[in-house]
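The values are calculated or read from the model by the stated rules, or taken from the named source; none is laboratory data. Quick caveat, the model's predicted, so the values are computed rather than measured. Every residue, glycine among them, receives a Cβ derived from its backbone with ideal geometry; neighbour counts consider all protein chains shown. Areas reflect the complete protein model, heavy atoms only, side chains present, ligands, DNA and RNA absent. Shrake-Rupley method; radii C 1.70, N 1.55, O 1.52, S 1.80 Å.
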Amino acid sequence: MSDYRRYFVPGGMGYLKVTTYNRQPILTSSHGGKFLRNAIQKVQSDLPFGLFATVLLPDHWHLILQLPEDDANYSLRLKLIKEGFTRRWLGAGLPEAVVSPAQLGKGERGIWQPRFWEHMVKDEADLERCVDYIHWNPRKHLLVARVRDYPWSSFHRFVQAGQYDFDWGGSEPEHLAGDDIWGEP
């Protein structure tokens with residue numbers, strides 16, 4: 001059996017990737033986006049955290065989560081977001097993928113892959129690489145020709161803050177080329 005270890009840092013920033021079950025393209029549907037936003041807001045009101053950067057693709061979600069200074073529990077927050085989304089999705093009568101009886105017995109549903117991928121941000125340079133990767137991701141997956149054209153991203157917030165030029169991402173950033181630390185094939 002695999003031994004999954006999480007690295008918990010109070011007040012830390014975690015780069016996380018969550019994937020739908022069997023890579024169902026449900027997240028950027030009208031219901032998917034709304035249900036995820038509602039689940040995030042509910043968890044933020046109960047267990048505060050910052051959503052530093054994010055991109056929502058049809059079958060997976062990348063985010064950088066900023067924890068409060070005295071808290072290291074990003075796993076609970078992600079679990080509650082996934083549960084809230086799943087409740088809303090199933091409550092609306094929307095379909096889920098078929099799961100095995102053993103998975104059902106463990107309370108798993110055919111909406112999200114179990115677990116998630118995480119990387120604790122080490123320093124400013126690492127944070128910049130993580131944010132760049134998040135914003136580059138729709139181009140990587142050939143969803144748009146220009147990063148600025150992707151609507152499900154925090155890219156425009158970063159442009160408004162002066163962190164990016166509006167035309168950033170015309171080609172793959174050199175410092176991301178060949179990296180496979182991002183939890184993706």
Within the stretch 83-185, chymotrypsin sites (Phe, Trp or Tyr not before Pro) in DSSP loop having at most 12 other beta-carbon neighbours inside 10 Å: Phe166
Options Leu56, Trp136, Phe158, ranked by Cα towards positive dipole end of the chain, top entry (Cβ charges): Leu56
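Restricting things to Cα coordinates, could you compute the convex hull volume per residue of the chain in Å³?
Values: hull volume 25.4 nm³, N = 185.
Normalising the Cα hull of the chain by residue number yields 137 Å³.
What percentage of the solvent-accessible surface of the stretch 17-151, computed with a 1.4 Å probe over protein heavy atoms, is contributed by carbon and sulfur atoms? Working shown, then result.
Numbers: 3490 of 6440 Å².
Of the solvent-accessible surface of the stretch 17-151, carbon and sulfur hold 54 percent.
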Lys/Arg +1, Asp/Glu -1 at C-beta; the chain dipole; positive extreme among Leu47, Val147, Gly14: Leu47
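List the pairs from Lys79/Lys140; Lys82/Lys106; Lys17/Lys122; Lys42/Lys122 whose alpha-carbon separation is above 24 Å, in the order I gave them.
Numbers: Lys79/Lys140 27 Å; Lys82/Lys106 15 Å; Lys17/Lys122 17 Å; Lys42/Lys122 28 Å.
Table pairs above 24 Å Cα-Cα are Lys79/Lys140; Lys42/Lys122.
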